[in-house]
Amino acid sequence: MKIQLSFEYQIFENDQQLVGNLQKLLKASKEAVSLSYAPYSKFHVGAALLLSNGEIVKGSNQENASFPAGICAERVALSTASSIYPKEKILAVAISYHNSADDSSTENILSPCGICRQSLLEATQRQQSHIEVILSNPAGKIIYLQNADNLLPLAFSSDHF
Ligand code: THU
């Protein structure tokens, strides 16, 4: 038996195609980039979460001289939201970056690392509703996905316990 998994995403040339407060959310993620502490990689990442109460929670990557102690922007934002607003659902996440080691690097659209995908999946399962995802590059291009789960097919989760 063969099984094929697929999912759809959209590419937007700029933020004008984002609806509702998703434009505002993307802007917040860009603001969060400037709060990043990334003296080692020089790769500054900002994440912003839109919550069901309308609040926007920001996070940025926080590095450490002991490299594995560093944490990604997405998980900083997820932990902050869960700590401050544990009962609110996360409706959407937006992610932005700036590579200060190479200012000309603006084309790649950032996509979350595996651990952050796992954390987004946990948040989705915990709240039992989808999280929309906006991925961006500094040049303004955007990838939009309706459901963060799609980023981690065949994932390990509490369903396996
Ligand atoms: N990083 C994030 O914050 N989010 C991602 O989705 C990818 C990577 C951070 C981790 C590290 O501080 C730097 O970017 C370089 O990997």
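Since every read-out is calculated from the coordinates, none of them should be taken as a lab result. Here the structure is a predicted model, which is why all the values come from computation and not from measurement. Every residue, glycine as well, gets a Cβ built from its backbone with ideal geometry; the counts of neighbours run over all protein chains shown.
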Q.
Can you find a residue that is within 13 Å of the ligand (Cβ to nearest atom), touching a Lys or Arg at 6+ places or on another chain (Cβ under 7 Å) and part of a helix (DSSP H, G or I) anywhere in segment 131-154?
A. yes
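Taking segment 1-16, which residues are among the hydroxyl-bearing types (Ser, Thr, Tyr) and either touching a strand residue (DSSP E or B) at 6+ places or on another chain (Cβ under 6 Å) or outside any loop (DSSP other than H, G, I, E, B) (or both)?
Let us first name the residues in segment 1-16 that are among the hydroxyl-bearing types (Ser, Thr, Tyr), namely 6, 9.
Matches in segment 1-16: TYR9 only.
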Q: Might you check whether a residue that is in contact (Cβ under 8 Å) with a residue 60 or more places away in the chain, within 16 Å of the ligand (Cβ to nearest atom) and more than 24 Å from ASP149 (Cβ to Cβ) occurs anywhere in segment 2-14?
A: no
Q. Can you name the residue in segment 93-138 that is closer than 17 Å to PHE12 by Cα and aliphatic (A, V, I, L, M) and, of all such residues, is farthest from the chain's Cα centre (by Cα)?
A. ILE109
**Q.** Filter result (in contact with an Asp or Glu (Cβ under 8 Å, 6 or more places away or on another chain) and crowded, with 16+ Cβ neighbours inside 10 Å) within segment 137-146
**A.** ASN137, LYS141, ILE142, TYR144, LEU145
**Q.** Search result, residues across segment 17-65 that are surrounded by 21 or more Cβ atoms within 10 Å (Cβ to Cβ), of a type in the set (Ser, Thr, Tyr) and not in a loop (DSSP other than H, G, I, E, B)
**A.** SER29, SER60
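What are the residues in segment 93-116 that are outside any strand (DSSP E or B) and crowded, with 19+ Cβ neighbours inside 10 Å, if any? Spell out how you get there, then give the answer.
Restricting attention to segment 93-116, the residues satisfying the condition of being outside any strand (DSSP E or B) are 100-116.
Passing the criteria: LEU110, PRO112, CYS116.
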